[in-house]
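The block underneath contains the structure these notes are about, expressed in structure tokens.
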Amino acid sequence: MESAHTVTEQIQILRSPERCPSVVKLSGMKLTDEIAEQIADILTINKQITSLWLDNNLIRDKGAKALGDALKSNTIMQYLNISSNQITFEGARYIFNGVKVNRSLRVLEFANNNLASDDPNQKELFVAFQFNKTITSINLSDDKLGTPSLIGIFEGIAHNREPSLQHLDVSGNLIGNAVSEYLRKGSICSCSDS
């Protein structure tokens with residue numbers, strides 16, 4: 001579904017099982033947390049949406065919480081793009097808690113958000129990588145991730161007993177010496193120093 005309709009019309013279409021498409025593109029529509037919450041409610045019952053583009057919008061942590069909660073129960077969505085929103089470290093926590101238990105998502109585009117954090121437990125955010133067994137590609141480029149977060153990602157991947165991840169993009173983040181050591185060991189990563 002391309003975004004030729006107004007946001008209200010789009011939501012009505014998504015609520016209608018007979019009209020709802022499997023691919024939903026709502027990029028650059030200035031969607032807010034309130035709209036993200038409505039979409040999340042739809043995702044908990046909708047059995048048709050397999051791909052959802054919510055990139056380049058105004059979604060913040062409240063909307064990310066709703067989407068993360070929806071990921072916990074959604075069993076059909078395979079592609080989610082929430083890049084270039086206004087999601088912080090706190091909102092990312094909700095998304096990755098959903099990813100941790102989700103069993104259908106294959107691709108997560110989460111680039112260009114603001115995940116910079118002074119939280120001493122920031123590497124725990126990425127424990128999802130230890131448990132998820134279905135995601136094959138994740139884009140976390142330009143998210144302002146620091147060394148603790150990046151190490152958390154790599155440690156989560158390393159401890160996954162049934163890894164499915166084939167591509168991880170963390171380019172454009174703050175890659176320090178400790179992260180470079182992980183990369184020297186051979187990686188599925190697309191990385192560069194920023």
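The values are calculated or read from the model by the stated rules, or taken from the named source; none is laboratory data. Computed from a predicted structure; not experimentally measured. Note: ideal-geometry Cβ built from the backbone for every residue, glycine included; neighbour counts use all protein chains shown. Note: accessible area is taken over every heavy atom of the protein model, side chains too, but ligands, DNA and RNA are not part of it. Shrake-Rupley method; radii C 1.70, N 1.55, O 1.52, S 1.80 Å.
Taking the criterion of being part of a strand (DSSP E or B) and not hydroxyl-bearing (S, T, Y), the residues of segment 108-143 that qualify are L108, E109, N114, I138, N139. Scanning segment 144-194 for residues that are among the charged types (D, E, K, R), assigned to a helix (DSSP H, G or I) and open to solvent by 80 Å² or more (accessible area, probe 1.4 Å), which turns out modelled with the highest pLDDT? Here the answer is E181. Annotation: of all residues in segment 93-109 being open to solvent by less than 60 Å² (accessible area, probe 1.4 Å) and over 16 Å from T44 (Cα atoms), the one that is modelled with the lowest pLDDT is F96.
A single member of S73, S117, S83 is more than 21 Å from I151 (Cα to Cα), open to solvent by less than 60 Å² (accessible area, probe 1.4 Å), in contact with a helix residue (DSSP H, G or I) (Cβ under 6 Å, 6 or more places away or on another chain) and of a type in the set (S, T, N, Q), and it is S73.
Which members of segment 12-33 meet the condition of being part of a helix (DSSP H, G or I) and more than 22 Å from L105 (Cα to Cα)? Answer for segment 12-33, where residues must be part of a helix (DSSP H, G or I) and more than 22 Å from L105 (Cα to Cα): Q12, I13.
Scan segment 63-95 for residues that are closer than 20 Å to N139 by Cβ and outside any helix (DSSP H, G or I) and the total you get is 13. Scanning segment 30-49 for residues that are surrounded by fewer than 18 Cβ atoms within 10 Å (Cβ to Cβ), in contact with a Ser or Thr (Cβ under 8 Å, 6 or more places away or on another chain) and either among the β-branched types (V, I, T) or under 19 Å from S84 (Cβ atoms) (or both) yields a count of 1. Residues in segment 34-53 that are modelled with pLDDT of 90 or more, of a type in the set (D, E, K, R) and closer than 24 Å to S104 by Cα: E37, D41. Give the residue that is modelled with the lowest pLDDT, with candidates limited to residues of segment 1-11 that are more than 24 Å from the chain's Cα centre (by Cα) and assigned to a loop (DSSP other than H, G, I, E, B). Restricting to residues being more than 24 Å from the chain's Cα centre (by Cα) and assigned to a loop (DSSP other than H, G, I, E, B), the top hit is A4. Residue by residue through segment 12-28, note down the ones that are of a type outside the set (D, E, K, R) and surrounded by fewer than 18 Cβ atoms within 10 Å (Cβ to Cβ). The answer is Q12, I13, S16, P17, C20, P21, S22, V23, S27, G28.
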